[in-house]
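A.B. asks: Dropping a structure here in structure tokens format, bear with me for questions.
The values are calculated or read from the model by the stated rules, or taken from the named source; none is laboratory data. Note that this is a predicted model, so its numbers are computed, not measured. Positions of Cβ are generated from backbone atoms using ideal geometry, with glycine treated the same way; all protein chains shown enter the neighbour counts. Side chains are part of the model used for accessible areas, which takes the heavy atoms of the whole protein and leaves out ligands, DNA and RNA. Shrake-Rupley method; radii C 1.70, N 1.55, O 1.52, S 1.80 Å.
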Amino acid sequence: MTDELRATEALHPESRGLDTRSDLETLGLLLDGQRHALAAVESAIPALAAAAELALERLSRGGRLVYLAAGSPALIALGDALEIPQTYGEPASSFITILAGGAEIVTKFGGGAEDDRAQADKDVLSVAIGPADCVVAISASGSTPYVQQGLEACAARGAATIAIANNRNAPILQMAEVAVLLDTGPELVAGSTRMGAGTAQKAALNMLSTLIAIRRGHVHDGHMVGVRADNDKLRARAIRIVCDITGASPQQAADALRQTDGDVKPATLLAAGAPDIAAAGQRLAAADGSLRRALAGLQD
């Protein structure tokens, strides 16, 4: 492994004497590290766009978006995968994870599982990865054995592959169809990649999954219209969404949402003039789930 490949393990120039500095100075340096990490994401935008295109093509086939990760990136990936169905109404079965240590990492977080190549093969097999799937492998170093082996196994089974890493020339970047380099460099605390590298990874995954949701018709203007309102906060938000898009009164919006059990898209169509739930569903199906296309003609 070259020195360049181990940039995330190197000592940051500003870290000398870090433990002797004042709290305010230390926090300022930590914030600077976060800013630098986010700046690194900007140069990755073209690669993230290519990643979204690849993922969308597989999802349109009925495939899945699969996050493959270990360590801190696994926790970040898990959050993204869990939030997409809740936020955008996608089936939970379409956004899954393959994580070193499995689901137990939320209570038993350790490093040993990162080196287990054999378990990576077993985990890929257990979720039946195939040609319809798109796998996003995330590793700060880009050389984590579990992630490398899992990515290789997924590619061998025909899955589309995306890699996100924070070191140039990282092995997983060279293995994947789409390589997303987040060049965050050394951490203020050497090797603590939950910091700058993790911030960049979180931002990149937020951007990737949100772009996918937009392209799949789950966002109308700035509204998350794929959400199903199942608590008081979301019910109030859903009413505002329906009112804003259709011009309906709050009472009309609430009535429409009651008919659809809180499902915003068909409720919006009802408030816009669709005669019944069946007609709203037919319009959405004909528009591949796009509310904007389904509304065409109802609001003329």
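A.B. asks: Given only helices, namely DSSP H runs of n ≥ 4 each adding -39500 (n - 2.57), what is the per-residue ellipticity at 222 nm of the chain, to the nearest 500 deg cm²/dmol? Mind dumping the intermediate values first?
C.D. replies: Details: 12 runs with 150 residues, N = 300.
After summing the helix terms and dividing by residue count, I get -15500 deg cm²/dmol.
A.B. asks: On to the next question. Given (i) 17.9; (ii) 16.3; (iii) 21.2, which label gives mean projected area of the Cα convex hull in nm² as computed from the coordinates?
C.D. replies: Step by step, mean projected area of the Cα convex hull in nm² for this structure corresponds to label (i).
A.B. asks: Continuing with the same structure: Hey, what angle do you get for helix 23-42 against the long axis of the chain, alpha-carbon based, 0 to 90 degrees rounded to 10?
C.D. replies: 70
A.B. asks: Which order do Arg283, Arg35 take when ranked by solvent-accessible area (1.4 Å probe, heavy atoms of all protein chains), largest first?
C.D. replies: Arg35, Arg283
A.B. asks: Need one value: the accessible area of Glu114 in square angstrom, 1.4 angstrom probe, rounded to the nearest 10.
C.D. replies: Spelled out: Glu114, probe radius 1.4 Å, area about 60 Å².
A.B. asks: To the nearest 10 degrees, how steep is helix 45-60 against the longest Cα principal axis of the chain, on a 0 to 90 scale?
C.D. replies: 50
A.B. asks: At 1.4 Å probe size, put Ile212, Ile96 in order of accessible surface, largest to smallest.
C.D. replies: From most accessible down to least: Ile96, Ile212.
A.B. asks: Mind checking which lysines have their Cα closer than 28 Å to the Cα of Lys108? Skip sequence neighbours fewer than 8 apart in that chain.
C.D. replies: Lys122, Lys202
A.B. asks: Nearest 20 debye, what's the magnitude of the dipole of the range 213-300 about its Cα centre given +1 on Lys and Arg Cβ and -1 on Asp and Glu Cβ?
C.D. replies: For the range 213-300, the charge dipole is close to 280 debye.
A.B. asks: What are the lysines whose alpha-carbon lies under 21 Å from the alpha-carbon of Lys265, with same-chain residues fewer than 8 places away excluded?
C.D. replies: Within the straight-line limit of under 21 Å, Lys265 reaches these lysines: Lys233.
A.B. asks: Using a Gaussian network model on the chain with a 10 Å cutoff between Cα atoms, which of Thr107, Thr144, Thr193 fluctuates the most?
C.D. replies: Comparing Thr107, Thr144, Thr193 in a Gaussian network model of the chain, the most mobile one is Thr107.
A.B. asks: Taking the 0 to 90 degree range and rounding to the nearest ten, how far is the long axis of helix 117-126 tilted relative to the main principal axis of the chain, both from C-alpha atoms?
C.D. replies: 10
A.B. asks: Further, regarding this structure: When the chain is modelled as a GNM with alpha-carbon springs shorter than 10 Å, which of Asn206, Asn231, Asn167 fluctuates the most?
C.D. replies: The residue with the greatest mean-square fluctuation here is Asn231.
A.B. asks: While we're here: With all protein chains present and a 1.4 Å probe, how do Phe109, Phe95 order by accessible area, largest first?
C.D. replies: Working: Phe109 110, Phe95 15 Å².
Sorted by accessible area, descending: Phe109, Phe95.
A.B. asks: Please work out how much accessible surface Glu9 shows to a 1.4 Å probe, ignoring ligands, DNA and RNA, in Å² rounded to 10.
C.D. replies: Counting only protein heavy atoms, the figure is 90 Å².
A.B. asks: Based on Cα positions only, what radius of gyration and what Dmax would you give for the range 13-115, in angstroms?
C.D. replies: Every Cα atom of the range 13-115 included, Rg and Dmax give 18.2, 56 Å.
A.B. asks: What FRET efficiency do you get for Leu31 and Ala190 if R0 is 22 Å and r is their Cβ-Cβ distance, rounded to the nearest 0.05?
C.D. replies: Details: r = 18 Å, r/R0 = 0.83.
So the FRET efficiency works out to roughly 0.75.
A.B. asks: Right, another one. Among the DSSP beta bridges whose two residues both lie in the chain, what percent are antiparallel, rounded to the nearest 5?
C.D. replies: 10
A.B. asks: Placing +1 at every Lys and Arg Cβ and -1 at every Asp and Glu Cβ, with all other atoms neutral, what dipole size does the chain have around its Cα centre, in debye to the nearest 20?
C.D. replies: 720
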